[in-house]
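To keep things clear, I will list the structure first and then write my remarks on it.
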Amino acid sequence: MRPQRIADPPRFISEAGESEENRMSAITDNGPFLCVEEVVRLFKISRTKAYKEAQLYIETAGKAGIPAVRIGRSIRFLSEPIERMASGRVSA
């Protein structure tokens, strides 16, 4: 017996014509971290702005900026908090 398929949730289309599902797929496909290119695409900001916001997050111990960690010389963005930010579910 095959399990019943649950209906797909409604898809929301952004002003740029990109569905929320496509926009968020980068987050769910890559595990706990995102690279800068994924954050740039998700938030529609420049690479420089993404790195500055990551550095701000690191320097302020998470009080401001885009959630990120430094791994060696690389910066990786934290997918879970960014998913909440992108969907508007940011808690204070």
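Values in this text are rule-based calculations from the coordinates and carry no lab data. Model, not experiment: these values are computed from the prediction. A quick note on method: Cβ atoms are made from the backbone with ideal geometry, for glycine too, and the neighbour counts reach across all protein chains shown.
3J(HN,Hα) along the range 57-62: 4, 5, 5, 9, 6, x Hz, from the Karplus curve 6.51 cos²θ - 1.76 cosθ + 1.60 with θ = phi - 60°, whole Hz, x for Gly and Pro.
Between residue 41 and residue 71, the simple label model (points 7 Å from Cα in the Cβ direction) yields a spacing of 1.8 nm.
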